[in-house]
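Worksheet: the structure to be examined is printed underneath.
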Amino acid sequence: MTVIAEYGQILLILACVFGLFMAWGVGANDVANAMGTSVGSKALTIKQAIIIAMIFEFLGAYLAGGAVTSTIRKGIVDPAVMSGSPELLVYGMLSALLAAGTWLLIASILGWPVSTTHSIVGAIVGFAAVGISVEAVAWSKVLSIVASWVVSPMLAGTMAFWIFRSVQRLILNTEDPFSSAQRYIPFYMFAVGFLIAMVTILKGLKHVFKDSGFTLSFLESAGIATILGLIVAGVGVYFLRRIKRDKANESGNRFASVERLFAILMVFTACAMAFAHGSNDVANAVGPLAAIINVIKTGSVTVKSAMPSWVLLIGGVGIVIGLATYGFKVMATIGKKITELTPSRGFAAELAAAATVVLASGTGLPISTTHTLVGAVLGVGMARGIGALNLRVVGSIFMSWIVTLPAGAGLAILFFFMFKGMFG
């Protein structure tokens with residue numbers, strides 16, 4: 001306890017700096033995954049993608065980032081093991097933030113789309129198993145997280161496959177694709193609006209309104225989400241009507257005008273993906289930070305704490321800075337190198353990935369957005385046949401995923417003993 005009393009202020013400042021650094025890494029590496037499909041399909045320019053991501057990543061992190069955060073903060077390590085020496089949890093979470101942030105910096109420089117969730121979970125497991133004891137790790141929770149890394153890309157890939165198949169059947173393979181697109185795209189827009197509204201109301205507003213005693217039943221939430229979905233569809237219809245058919249372009253490519261309609265839809269799915277990503281992945285930066293703040297404030301590892309809203313603010317700001325300064329590298333990998341993306345294909349991948357992330361965020365499971373989006377892009381590619389995929393790039397992405405866990409764990413162990421030596 002004396003360590004926390006003596007160095008509490010310094011440890012708190014370090015925690016905020018490392019939390020911001022980790023959030024920067026999430027922005028530089030992971031947000032690029034969220035926006036890569038939009039940029040790769042040429043539905044958005046890099047500048048437009050960064051502006052959309054800045055707004056919706058921040059809103060997702062701030063409004064709906066609380067559920068996953070509790071898993072990262074309390075689910076992986078059993079705090080009871082450290083009840084006699086709470087400073088060990090502080091050193092461990094500091095080392096996890098610094099280790100994961102460092103690995104993300106290296107991966108972003110190399111243009112690898114690695115998983116921030118892998119990085120932070122690997123780092124937490126590493127310091128706990130080696131620095132404290134193997135019993136300190138809640139292995140059942142870790143196994144469920146590891147299982148989600150397999151399930152999430154498969155789920156997103158399957159959803160993307162069938163969403164794109166529905167686009168092919170309802171729009172692309174009809175006699176007049178342009179008219180069919182104008183008829184059916186508003187329904188897809190409604191789905192995007194409904195999906196994002198549901199997760200915001202059910203999970204996000206719980207944190208924003210927790211002090212006011214404001215609650216909504218599931219049916220009331222669904223009713224509000226339906227209204228918001230209809231508004232999104234209405235706005236979309238207004239923009240769709242402004243796009244005129246270009247017969248000259250259609251002579252070379254019969255889908256030229258249709259893809260322009262899908263480019264409008266992709267703006268909506270890009271917003272949805274950025275929101276979903278912010279809600280799920282802010283936890284990687286602020287979960288350990290919240291745990292440190294709780295220990296320093298109470299001197300105990302067992303007291304349950306509310307997530308301070310300013311902590312989510314640090315996460316949101318860090319993500320935005322990371323994307324603006326270094327997000328372009330990974331965007332190129334996701335958007336251009338796995339499979340050739342058009343707006344209709346990119347839309348199917350983004351909607352499937354956003355739905356998967358939102359489901360996971362709602363259940364509090366920290367899945368990997370990277371895995372989810374890569375899985376969705378693979379699903380869209382598979383809908384066109386295996387030849388549509390660049391298997392060499394897919395292989396190098398899988399390799400970078402495998403390296404991430406031991407890299408995060410190894411760095412965290414190193415930093416843990418460094419902090420223990422400095423303050424212990």
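Every number here is computed from the coordinates shown, using simple stated rules; none is lab data. Given the structure is predicted, the values throughout are model-derived calculations rather than measurements. Counting neighbours? That spans all protein chains shown, and the Cβs are built from the backbone with ideal geometry, glycine included.
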Taking a ≥ b ≥ c as the square roots of the eigenvalues of the Cα gyration tensor, with a/c under 1.5 meaning rounded and otherwise prolate when a/b exceeds b/c and oblate if not, region 4-65 is prolate
Equivalent-ellipsoid semi-axes (√(5λ), Cα gyration tensor) for the chain, whole Å, largest first? 40, 22, 17
Just to check I understand the Karplus step: with θ = phi - 60° and J = 6.51 cos²θ - 1.76 cosθ + 1.60, what whole-Hz values come out for region 11-16, glycine and proline as x? 4, 5, 5, 4, 4, 5
Under 8 Å for C-alpha pairs, at least 6 residues apart: give me the relative contact order for the chain, rounded to a whole percent. 41 percent
Where nothing but the Cβ of Lys and Arg (+1) and of Asp and Glu (-1) is charged, how large is the charge dipole of region 1-149 around its Cα centre, in debye to the nearest 20? 440 debye
Kindly express, to the nearest 10 degrees and within the range 0 to 90, the angle between helix 309-326's C-alpha long axis and the longest C-alpha principal axis of the chain. 60 degrees
In sequence order, what are the phi-derived ³J(HN,Hα) couplings for region 278-288 according to the Karplus relation 6.51 cos²θ - 1.76 cosθ + 1.60 with θ = phi - 60°, rounded to whole Hz, with x for glycine and proline? x, 5, 8, 9, 4, 4, 4, 8, 8, x, x
Along each principal axis, Cα extent of region 235-286, largest first, Å: 52, 24, 8
As an exercise, take the mean of 1/r over every pair of distinct alpha carbons in region 219-264, invert it, and state the Kirkwood radius in angstroms. 12.4 Å
Mind sorting Ile124, Ile264, Ile224 by how few other Cβ atoms lie within 10 Å of their own Cβ, fewest first? Ile224, Ile264, Ile124
Which one of Asn253, Leu94, Ala355 has its Cα pushed farthest toward the positive end of the charge dipole of the chain, where Lys and Arg give +1 and Asp and Glu give -1 at the Cβ? Asn253
Is it possible to state the helix-based mean residue ellipticity at 222 nm for the chain, with each DSSP H run of 4+ residues giving -39500 (n - 2.57), the sum divided by total residues, to the nearest 500 deg cm²/dmol? What is it? -25000 deg cm²/dmol
How much length is gained on full extension from Phe417 to Phe218, taking 0.36 nm per residue of separation minus their Cα-Cα distance? 66.9 nm
Give me Thr404, Thr45 sorted ascending by neighbouring Cβ count inside 10 Å, so fewest comes first. Thr45, Thr404
C-alpha long axis of helix 177-199 to longest principal axis of the chain, angle in °: 20 degrees
On a 0 to 90° scale, report how tilted helix 87-110 is relative to the longest principal axis of the chain, with both axes built from alpha carbons and the result rounded to the nearest 10. 40 degrees
Highest-fluctuation residue, Met82, Met189, Met273 considered, GNM on the chain with Cα pairs under 10 Å: Met82
